[in-house]
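The values are calculated or read from the model by the stated rules, or taken from the named source; none is laboratory data. This is a predicted model, so every value here is computed, not measured. All Cβ positions, even for glycine, are placed from backbone atoms using ideal geometry, and neighbour counts span all protein chains on display. We work out accessible area using only protein heavy atoms, side chains counted, and drop any ligands, DNA or RNA first. Shrake-Rupley method; radii C 1.70, N 1.55, O 1.52, S 1.80 Å.
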Amino acid sequence: MNGEAALLAVNQAPHLIDEDVAEQVVRFVAASKRPGVPLAGLEVEPALLSVVCRELNNKRRALDVPKITARLLEGNQEEVLSDFYERSVADLSPEVRSFIEERLLTVSGYRDSVALENALSTPGVSREAIDRLVERRLVRIEDRGGQRLELTHDLLVGVVRASRDRRRQREAEERE
(Lines give C-alpha, C1' and ligand atoms only; values in the text may rest on other atoms or scores of the structure.)
Protein backbone atom coordinates (compact mmCIF):
# COMPACT_ATOMS: atom_id res chain seq x y z
CA MET A 1 0.00 0.00 0.00
CA ASN A 2 1.14 3.57 -0.43
CA GLY A 3 1.81 5.92 2.46
CA GLU A 4 -1.54 7.69 2.22
CA ALA A 5 -3.46 4.43 2.56
CA ALA A 6 -1.19 3.41 5.43
CA LEU A 7 -1.88 6.69 7.21
CA LEU A 8 -5.62 6.13 6.85
CA ALA A 9 -5.21 2.69 8.42
CA VAL A 10 -3.17 3.97 11.36
CA ASN A 11 -5.58 6.86 11.90
CA GLN A 12 -8.40 4.39 12.55
CA ALA A 13 -7.48 4.68 16.24
CA PRO A 14 -7.31 8.46 16.87
CA HIS A 15 -7.85 7.85 20.58
CA LEU A 16 -4.49 6.01 20.63
CA ILE A 17 -2.33 8.04 18.25
CA ASP A 18 -2.27 11.60 16.93
CA GLU A 19 -2.11 12.17 13.17
CA ASP A 20 1.43 13.60 13.18
CA VAL A 21 2.73 10.58 15.13
CA ALA A 22 0.80 8.26 12.80
CA GLU A 23 2.64 9.82 9.87
CA GLN A 24 5.97 9.21 11.64
CA VAL A 25 4.98 5.56 12.09
CA VAL A 26 4.15 5.26 8.38
CA ARG A 27 7.47 6.83 7.39
CA PHE A 28 9.32 4.52 9.80
CA VAL A 29 7.65 1.42 8.33
CA ALA A 30 8.32 2.65 4.79
CA ALA A 31 11.96 3.06 5.84
CA SER A 32 11.92 6.53 4.34
CA LYS A 33 15.12 8.40 5.07
CA ARG A 34 13.93 11.41 3.06
CA PRO A 35 11.44 13.48 5.07
CA GLY A 36 10.22 15.46 2.06
CA VAL A 37 8.88 12.48 0.10
CA PRO A 38 5.09 12.73 -0.20
CA LEU A 39 3.17 9.94 1.53
CA ALA A 40 1.71 8.86 -1.83
CA GLY A 41 5.26 8.10 -2.97
CA LEU A 42 6.01 5.74 -0.09
CA GLU A 43 5.58 1.98 -0.26
CA VAL A 44 4.39 0.42 2.99
CA GLU A 45 4.22 -3.30 3.71
CA PRO A 46 0.81 -3.79 5.38
CA ALA A 47 1.96 -6.74 7.49
CA LEU A 48 4.90 -4.79 8.90
CA LEU A 49 2.71 -1.74 9.54
CA SER A 50 0.39 -3.95 11.56
CA VAL A 51 3.30 -5.44 13.51
CA VAL A 52 4.84 -2.05 14.32
CA CYS A 53 1.49 -0.62 15.42
CA ARG A 54 0.85 -3.64 17.63
CA GLU A 55 4.32 -3.43 19.17
CA LEU A 56 3.96 0.30 19.84
CA ASN A 57 0.57 -0.26 21.42
CA ASN A 58 2.04 -2.99 23.64
CA LYS A 59 4.73 -0.52 24.75
CA ARG A 60 2.11 2.16 25.36
CA ARG A 61 0.09 -0.20 27.52
CA ALA A 62 3.17 -1.40 29.43
CA LEU A 63 4.09 2.21 30.21
CA ASP A 64 0.45 2.99 31.03
CA VAL A 65 0.28 6.07 28.80
CA PRO A 66 -2.91 7.11 26.99
CA LYS A 67 -1.44 7.52 23.48
CA ILE A 68 1.44 6.41 21.31
CA THR A 69 3.73 9.42 21.23
CA ALA A 70 6.57 10.52 18.99
CA ARG A 71 8.89 10.02 21.94
CA LEU A 72 7.71 6.44 22.36
CA LEU A 73 8.37 5.80 18.67
CA GLU A 74 11.74 7.55 18.56
CA GLY A 75 13.03 5.88 21.66
CA ASN A 76 11.90 2.44 20.62
CA GLN A 77 12.21 1.98 16.85
CA GLU A 78 15.02 -0.56 17.08
CA GLU A 79 13.64 -2.03 20.29
CA VAL A 80 10.19 -2.49 18.73
CA LEU A 81 11.65 -4.54 15.88
CA SER A 82 14.04 -6.44 18.14
CA ASP A 83 11.23 -7.40 20.53
CA PHE A 84 9.13 -8.50 17.56
CA TYR A 85 11.94 -10.68 16.22
CA GLU A 86 12.68 -12.25 19.59
CA ARG A 87 9.02 -13.08 20.21
CA SER A 88 8.66 -14.46 16.68
CA VAL A 89 11.42 -17.03 17.16
CA ALA A 90 11.28 -17.62 20.94
CA ASP A 91 9.30 -20.88 20.82
CA LEU A 92 11.00 -22.26 17.71
CA SER A 93 14.09 -24.44 17.54
CA PRO A 94 17.58 -22.90 17.50
CA GLU A 95 17.97 -24.36 14.00
CA VAL A 96 15.10 -22.20 12.74
CA ARG A 97 16.65 -19.07 14.21
CA SER A 98 20.01 -19.99 12.72
CA PHE A 99 18.36 -20.62 9.33
CA ILE A 100 16.76 -17.15 9.38
CA GLU A 101 19.98 -15.44 10.36
CA GLU A 102 22.27 -17.38 8.03
CA ARG A 103 20.14 -18.02 4.96
CA LEU A 104 17.72 -15.07 4.75
CA LEU A 105 20.60 -12.59 4.88
CA THR A 106 23.55 -12.35 2.55
CA VAL A 107 27.04 -12.73 3.98
CA SER A 108 27.36 -8.93 4.04
CA GLY A 109 24.01 -8.58 5.82
CA TYR A 110 21.38 -7.75 3.20
CA ARG A 111 17.98 -9.40 2.76
CA ASP A 112 18.07 -12.56 0.68
CA SER A 113 15.56 -15.23 -0.29
CA VAL A 114 15.70 -19.01 -0.32
CA ALA A 115 13.67 -21.48 -2.33
CA LEU A 116 11.02 -22.91 -0.02
CA GLU A 117 11.98 -26.47 -0.95
CA ASN A 118 15.60 -25.74 0.06
CA ALA A 119 14.44 -24.21 3.33
CA LEU A 120 12.41 -27.33 4.10
CA SER A 121 15.43 -29.54 3.44
CA THR A 122 17.40 -27.72 6.16
CA PRO A 123 17.72 -29.85 9.32
CA GLY A 124 15.40 -28.54 12.04
CA VAL A 125 13.33 -26.38 9.69
CA SER A 126 9.79 -27.71 9.24
CA ARG A 127 6.76 -26.55 7.31
CA GLU A 128 5.05 -25.93 10.66
CA ALA A 129 7.86 -23.59 11.77
CA ILE A 130 7.76 -21.71 8.47
CA ASP A 131 3.97 -21.39 8.68
CA ARG A 132 4.33 -19.93 12.17
CA LEU A 133 6.87 -17.38 10.95
CA VAL A 134 4.56 -16.41 8.08
CA GLU A 135 1.60 -16.13 10.46
CA ARG A 136 3.70 -13.97 12.78
CA ARG A 137 4.67 -11.83 9.77
CA LEU A 138 8.41 -12.25 10.17
CA VAL A 139 8.79 -13.96 6.79
CA ARG A 140 6.70 -14.28 3.67
CA ILE A 141 6.51 -16.71 0.81
CA GLU A 142 6.77 -15.11 -2.62
CA ASP A 143 5.94 -16.82 -5.88
CA ARG A 144 8.76 -16.07 -8.33
CA GLY A 145 8.89 -19.00 -10.70
CA GLY A 146 8.80 -21.13 -7.57
CA GLN A 147 8.09 -20.34 -3.95
CA ARG A 148 10.77 -18.36 -2.15
CA LEU A 149 11.03 -17.47 1.51
CA GLU A 150 12.25 -14.04 2.65
CA LEU A 151 12.01 -11.55 5.52
CA THR A 152 8.91 -9.41 5.19
CA HIS A 153 10.80 -6.13 5.05
CA ASP A 154 14.27 -4.58 4.85
CA LEU A 155 13.63 -2.92 8.22
CA LEU A 156 14.07 -6.33 9.85
CA VAL A 157 17.52 -6.85 8.38
CA GLY A 158 19.37 -4.83 11.03
CA VAL A 159 17.71 -6.68 13.89
CA VAL A 160 18.32 -10.10 12.35
CA ARG A 161 21.93 -9.19 11.48
CA ALA A 162 22.59 -7.99 15.05
CA SER A 163 21.13 -11.22 16.44
CA ARG A 164 23.27 -13.24 14.02
CA ASP A 165 26.39 -11.37 15.06
CA ARG A 166 25.65 -11.90 18.79
CA ARG A 167 24.95 -15.61 18.21
CA ARG A 168 28.16 -16.05 16.23
CA GLN A 169 30.10 -14.29 18.98
CA ARG A 170 28.61 -16.58 21.65
CA GLU A 171 29.36 -19.65 19.54
CA ALA A 172 32.98 -18.51 19.04
CA GLU A 173 33.40 -17.94 22.78
CA GLU A 174 31.97 -21.38 23.51
CA ARG A 175 34.42 -23.00 21.09
CA GLU A 176 37.37 -21.32 22.83
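In the full protein context, the chain carries 55 Å² of accessible surface per residue, based on a 1.4 Å probe and ignoring ligands, DNA and RNA.
Between Ser113, Ser82, Ser121, the residue with the greatest mean-square fluctuation in the GNM of the chain (Cα pairs under 10 Å linked by springs) is Ser121. Taking the 1.4 Å solvent-accessible surface of region 44-176 as the whole, the part contributed by carbon and sulfur is 45%. Spin-label pair Glu174-Asp131: with each label point 7 Å from Cα along the Cα-Cβ axis, the two points sit 2.9 nm from one another. Highest GNM mean-square fluctuation among Asp131, Asp112, Asp91, for the chain modelled with Cα contacts below 10 Å: Asp91. Which values, in whole Å and largest first, are the semi-axes of the equivalent ellipsoid of region 86-176 obtained as the square root of 5 times each eigenvalue of the Cα gyration tensor? Calculated on Cα positions only, the semi-axes equal 21, 14, 13 Å. By the Cα gyration tensor, region 104-147 has an equivalent ellipsoid whose semi-axes, rounded to whole angstrom, run 16, 13, 13 from largest to smallest. The label-point distance for Glu74 and Ala40, in a model that sets each label 7 Å from Cα toward Cβ, rounds to 3.0 nm.
A Gaussian network model of the chain, with springs between Cα atoms under 10 Å, assigns the largest mean-square fluctuation among Val125, Val51, Val65 to Val65. Rounded to the nearest 500, the helix-only mean residue ellipticity at 222 nm of the chain stands at -18000 deg cm²/dmol, with each DSSP H run of n ≥ 4 adding -39,500 (n - 2.57). Over the C-alpha atoms of the chain, the Rg to Rh ratio, Rh being the Kirkwood estimate, stands at 1.00.
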